[in-house]
Amino acid sequence: MEQYALVLRSVRYLESDRVVTFFSREEGVLTGFARGATGMSNRFGASLEPLTLSTILGRFHLEGTLYRIHKASIVNPFSYVKSDLDRCYWAGMGIRLLLGLLPPALPEPPVFDLAVNYLELLSAQKISPAFAWIRFAASALDLLGYQIRADDCSLCKESPFGNSLFYYPMDGRVLCSRCLENPGRMEVGLKVEVRVLRFLDGIARNGGEIPADTPILSRSVEFLDRILSCRVKDWRTIDSLPVRIV
C-alpha cells in the first residue's frame, strides 16, 4: 500500500541498505528496511532522507519483521528548512517530539497533518520558528491527551490565586498556590505564569495569535521544554541549542 509518510530517521545498514523510521498518516510510526538505498546503486534518491515528506510503497513480509520498503517518491523535500541551520534545529525538535511521544504502529492522522504543517510553516518563513514550534508542540500535546489548560484550580475549583499556577505534566492538573500549601499534598508541580498557560491553551484550541511581546514566546518555549522533559526521555531543551527565539 502506498502511503504518505514523513521520514523521521534514516540509518545506513551494511554497504548499500538503510533502516528508516517514518511517520505514516495511515499506519503511524513504522521502522522499515530499504534495500539498495545507499551508494552508487541508490534507487530511492533523497526520498528516504530525514525531514522529507514522501510516498512510500511497501509491506510487512513476515510477522515480527521490519516493514519492507519497495518504492519511495518525494512529495516535499523541505529544502529551505534543511539549508537553514536555525530552522533545521527547530524542525529536529519536532522529530524528537514525535519519536518520543508516539507509540509504534498507531495511526494519528491529525498529528501527522500537524507535523507536515509545522514543516511547511518553517519553510514559508511567514512566522518565527519559535512561534511555529509553540503552535506545533502545544497542539500535538493536546491531540495526544496531554492538554495544557488554563482553567480553575483542579482541587478547589476556584479562579487562580495570584499570577501563577502549578501544572502537573503527567496528568494535566493545575493547582493554585493555596491548595499547594495543603499539608496533604507533597508533590510539587511546575510553576508557571497564568498568562503563559492561557496563551498555550489558546494556541492548542484555535491556533492563537502571534504575541506582540517576545518574553511570552521565550517563557512558553521554556515551559514546553519542562513538560517535554517530563514526558520524553533525554529531552534536549531549546536553550541548549544555537537557535534564536524571536
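The values are calculated or read from the model by the stated rules, or taken from the named source; none is laboratory data. Just so it is clear, the model here is predicted, and its values are computed rather than measured. Backbone-built Cβ (ideal geometry, glycine too); neighbour counts: all protein chains shown.
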Practice prompt. Could you please give the count of residues in segment 20-59 that are more than 10 Å from A5 (Cα to Cα) and aromatic (F, W, Y)?
Written response: 2
Practice prompt. Look at segment 1-19 and say how many of its residues are under 14 Å from R68 (Cβ atoms) and either in contact with a Pro (Cβ under 9 Å, 6 or more places away or on another chain) or of a type in the set (F, W, Y) (or both).
Written response: 1
Discussion item. Condition first: farther than 21 Å from N206 by Cβ and touching a residue at least 12 places away in the same chain (Cβ under 8 Å). Now tell me which residues in segment 133-158 satisfy that.
Written reply: C153, S154, L155, C156, E158
Worksheet entry | Residues that are free of Cβ contacts under 8 Å to residues at least 12 places away in the same chain and either of a type in the set (A, V, I, L, M, F, W, C) or touching a helix residue (DSSP H, G or I) at 6+ places or on another chain (Cβ under 6 Å) (or both), drawn from segment 78-132 | A124
Discussion item. Can you confirm whether F223 is closer than 26 Å to E108 by Cβ, more than 15 Å from the chain's Cα centre (by Cα) and modelled with pLDDT of 90 or more?
Written reply: no
Fill in: Qualifying positions in segment 83-102 - part of a loop (DSSP other than H, G, I, E, B) and under 19 Å from E120 (Cβ atoms)
D84
Discussion item. From the list P107, P129, exactly one residue is crowded, with 21+ Cβ neighbours inside 10 Å and either on the phi > 0 side of the Ramachandran plot or touching an Asp or Glu at 6+ places or on another chain (Cβ under 7 Å) (or both). Which is it?
Written reply: P129
Item to complete: Take segment 189-215 and flag every residue that is within 21 Å of N117 (Cα to Cα) and part of a helix (DSSP H, G or I).
Response: F199, L200, D201, G202, I203, A204, R205, N206
Discussion item. When you check A204 against the structure, is it closer than 30 Å to L30 by Cβ, in contact with a Phe, Trp or Tyr (Cβ under 7 Å, 6 or more places away or on another chain) and buried (at least 18 other Cβ atoms within 10 Å of the Cβ), yes or no?
Written reply: no
Worksheet entry | Tally, over segment 216-246, of residues that are out of contact with any Phe, Trp or Tyr (no Cβ under 8 Å at 6 or more places or on another chain), of a type in the set (D, E) and either part of a helix (DSSP H, G or I) or over 23 Å from L85 (Cα atoms) (or both) | 2
Worksheet, complete the sentence: Selection from segment 207-225 of residues among the acidic types (D, E) and surrounded by 12 or more Cβ atoms within 10 Å (Cβ to Cβ) yields E222, D225
Worksheet entry | Members of segment 224-237 found to be closer than 13 Å to A130 by Cβ and touching a residue at least 24 places away in the same chain (Cβ under 8 Å), listed by number | L224
Worksheet item: Looking at A91, A37, which one is under 30 Å from G145 (Cα atoms) and small (G, A, S)?
Response: A91
Discussion item. Please count how many residues of segment 39-73 are hydrophobic (A, V, I, L, M, F, W, C), within 30 Å of I238 (Cα to Cα) and surrounded by 18 or more Cβ atoms within 10 Å (Cβ to Cβ).
Written reply: 3
Response to the item:
In the set Y118, Y89, the lone residue that is of a type in the set (S, T, Y) and surrounded by 21 or more Cβ atoms within 10 Å (Cβ to Cβ) is Y118
